[in-house]
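S.K.: Here's a structure for you.
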Amino acid sequence: MVNRDRDESGRPRSARPRDSLGRPLARGSAGIPPIPDDLELAPAETLAYAQQLLDRGLAFNAHEVLEAAWKHGPPDERMLWQGLTQLAVGITHIQRGNVKGAMSLLRNASTRLAHGDRPARYGVDVAGLVAFADALIDDLKAGAEITSERLRPRLVRPG
């Protein structure tokens, strides 16, 4: 039987390093620094950090930052943070070449964002992100090429 990495509560986790798309690398490899499991930031800091990661093409890491806000945030904000997290995971699937997975996550993100927080809190550009996700879905269906520059949505409305 193989011993699995476990967290303090006994849940399985992987201590293996990961590449820029979140895929596990061989033990001892240099990978992207992980996002701490216990990350707790103020909403504006969470959005700024996730935006920095998205701008660097690190959607997997951005999803981990947004997921921490989802897990640690108040229940009435869950739809917003889930939608943002799923958007980042959908982008990760595009980066990995998983069209079917990307479309599924982007649909979920669009739905959660569209039916969630009204008006959006923290300046999140809900309408813009829903349009972004829906346009990606349409292009994925059509087999269009999606450049890496296009996978850097603005989470917060300008100004």
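S.K.: Give the number of residues within the range 133-157 that are assigned to a helix (DSSP H, G or I) and free of Cβ contacts under 8 Å to residues at least 24 places away in the same chain.
M.R.: Counting residues in the range 133-157 that are assigned to a helix (DSSP H, G or I) and free of Cβ contacts under 8 Å to residues at least 24 places away in the same chain gives 6.
S.K.: Let me ask something else. Would you check which residues across the range 94-132 are charged (D, E, K, R) and either touching a Leu at 6+ places or on another chain (Cβ under 6 Å) or part of a helix (DSSP H, G or I) (or both) and list them?
M.R.: Residues satisfying the conditions are R96, K100, R107, R112, D117, R121.
S.K.: Now for a separate question. If L54 meets every condition in (1) at positive phi; (2) at pLDDT 90 or above apart from one, which number is that one?
M.R.: Here L54 meets the rest and fails (1).
S.K.: Anything in the range 126-145 that is more than 17 Å from the chain's Cα centre (by Cα) and under 16 Å from L105 (Cα atoms)? List them, or say none.
M.R.: A135, D138, D139, L140, K141
S.K.: Which residue is surrounded by the fewest Cβ atoms within 10 Å (Cβ to Cβ), if the candidates are limited to the range 54-87 and must be free of Cβ contacts under 8 Å to residues at least 12 places away in the same chain and not in a helix (DSSP H, G or I)?
M.R.: In this case the residue turns out to be P74.
S.K.: Looking at the structure I just gave you, is G28 closer than 23 Å to L151 by Cβ and either in a loop (DSSP other than H, G, I, E, B) or over 11 Å from the mean Cα position of the chain (by Cα) (or both)? So that I can check it myself, show each step before the final result.
M.R.: Working: closer than 23 Å to L151 by Cβ: no; either in a loop (DSSP other than H, G, I, E, B) or over 11 Å from the mean Cα position of the chain (by Cα) (or both): yes.
Judged against the criteria, G28 is not a match.
S.K.: Within the range 123-151, work out how many residues are crowded, with 16+ Cβ neighbours inside 10 Å, closer than 21 Å to A50 by Cα and in contact with a helix residue (DSSP H, G or I) (Cβ under 9 Å, 6 or more places away or on another chain).
M.R.: Of the residues in the range 123-151, 10 are crowded, with 16+ Cβ neighbours inside 10 Å, closer than 21 Å to A50 by Cα and in contact with a helix residue (DSSP H, G or I) (Cβ under 9 Å, 6 or more places away or on another chain).
The values are calculated or read from the model by the stated rules, or taken from the named source; none is laboratory data. Here the structure is a predicted model, which means the values were calculated and not measured. Cβ sites come from the backbone with ideal geometry, for glycine too, and all protein chains shown count toward neighbours.
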